[in-house]
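Have a look at the structure below before the remarks.
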Amino acid sequence: MNVSDFFQLLEQTLEEGKAMVSYRLPGKESVQLLSQTRSGSFRIKDFAESGFVFAPFKNNENPLFIPENDCEKTVLAFFENDNYQLYTIAEPSENIDQEAKSAHINLVEQGIEAIQKTELKKVVLSRKELQKASISASEIFQNLLSLYPNAFVYIWSHPETGVWIGATPETLLKTERTKFSTMALAGTRKLQNFPEDDWTQKEIVEQQIVTDSIVFKLKELGHTDETLKVSETYTSEAGSLLHLRTDISGTVKNNTTEIGAIIKALHPTPAICGLPTKAAYKFINDHENYDREFYTGYLGLLNMTTEIKRSSRTRNQENQAYSSIRKDSSIFVNLRCLKFKDGEVEIYVGGGITKDSDPTSEWEETVNKTRTIKAAL
């Protein structure tokens, strides 16, 4: 199927209002389209299910998912958007919404005060920004595919949620056979003219908080220093932004049972909520004054069938057949995303607050992060 036919089918599926998702995995060339064939909503019960999961920030109900066995699959083998033109997003100017700026700075100041006076060590505070969209949801998705080849890029539509689109750099959980991996991602700088050794103490501490928390939660599930591998922290590029990143990996002992346990233990991570988790979660609910919905939730492939193509030179045909199919998961944190409705978009953005945060700088960080999405509008 060519690019034109694929996106014509995607737009038709969107118009029909079916539960559907189209996505491309980081660094891959193919784009997948899954369209639910049965009416109604499906929800995760024990994470042994196979399908595409879409979960909100709040853990008050079981996540939605599109079952692998109840959907029509279409694959675009190679995506290239010949019509796309990259427009430069102007630096923030006097057009900034001063009321929104004051509100976010005030929110950050409240967060810093709570960190100074309570057990809170870090809290992630966010906002949403409303903007007109002059192009369709499908076109925004295509533009994100062009802009961010190393992100997980998706468009999701469901009768219960509406249309969400995003390009996220953060993996919550990835499994291959018996191995799993996750990451600690924190700190944000603009890519342009940034020397790698110029991270501030605030950003380094914030990153370490996230790493330590993830490792602690994995150890509570029975993993040890001997079974976990924790990389050195390094600078990772995500579109026009840079982050501090640490990779963490280990072995899955009991496949689908432990996959669910790991997801429940990790979400919400300190990178999108804070630490201690319960205190940060309560502060967010009490002070943000809006519903994040699916922003900073998680989404992706849960126990999905992966076909492994063995070399045609393999002589042992029995082994070749045995090894060709497996169930893998690729779950991502829903960052750099928007909600699309009637020609308008709600852009969601936030940042981690610690005792060393500067409220004005935190506002500027959210402005920089909106540029990831605005570049596709």
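The values are calculated or read from the model by the stated rules, or taken from the named source; none is laboratory data. Please read these numbers as outputs of a predicted model, since none were measured by experiment. Glycine gets a Cβ as well: all are built from the backbone with ideal geometry, and neighbour counts include every protein chain shown. To get the accessible areas, we keep the full protein, side chains included, count just its heavy atoms, and leave off ligands, DNA and RNA. Shrake-Rupley method; radii C 1.70, N 1.55, O 1.52, S 1.80 Å.
For the chain, list log₁₀ I(q)/I(0) at each q in 0.10 Å⁻¹, using the Debye formula over Cα point scatterers of equal strength and ignoring solvent, two decimals each. For the chain, the Cα-only Debye profile gives -0.64. Sites counted here are trypsin sites (Lys or Arg not before Pro) in a DSSP loop (not H, G, I, E or B) having no more than 16 other Cβ atoms within 10 Å; the longest part of the chain that contains none of them is 59-176. Free of any chymotrypsin sites (Phe, Trp or Tyr not before Pro) that DSSP assigns to a loop and that have at most 13 other C-beta atoms within 10 Å, the longest stretch within the chain is 88-289. For the chain, averaging the sequence separation of C-alpha pairs within contact (under 8 Å, six or more residues apart) and dividing by the residue count gives a relative contact order of 26 percent.
Quick one: if you take sqrt(5λ) for each eigenvalue of the C-alpha gyration tensor of region 230-288, what semi-axes come out, biggest first, whole angstrom? That gives 23, 22, 10 Å for the three semi-axes.
Counting only Cβ charges, +1 for Lys and Arg and -1 for Asp and Glu, the dipole size of the chain around its Cα centre is about 1180 debye. Protein heavy-atom accessible surface, 1.4 Å probe, per residue over the chain: 48 Å². Shape class for region 157-299: rounded, because the ratio a/c of the largest to smallest gyration tensor axis (alpha-carbon atoms, square roots of eigenvalues) is under 1.5. Comparing Gly250, Gly343, Gly166 in a Gaussian network model of the chain where C-alpha atoms under 10 Å apart are linked, the largest mean-square fluctuation is found at Gly343. In the chain, which longest range has no GluC sites (Glu not before Pro) that are both DSSP loop (not H, G, I, E or B) and surrounded by at most 12 other Cβ atoms within 10 Å? Here the longest segment lacking exposed loop sites spans 233-377.
Under 23 Å Cα to Cα from Lys327, which lysines show up? Leave out anything in the same chain fewer than 8 places away. Partners within reach: Lys28, Lys45, Lys73, Lys174, Lys179, Lys229, Lys253, Lys264, Lys309.
Annotation for region 138-175 versus region 37-73: alpha-carbon center distance of 17 Å.
Surface composition of region 125-198: carbon plus sulfur atoms hold 46% of the accessible area, using a 1.4 angstrom probe and ignoring ligands, DNA and RNA.
The alpha-carbon atoms of region 129-171, seen along their principal axes, cover 27, 24, 20 angstrom, with the largest extent given first.
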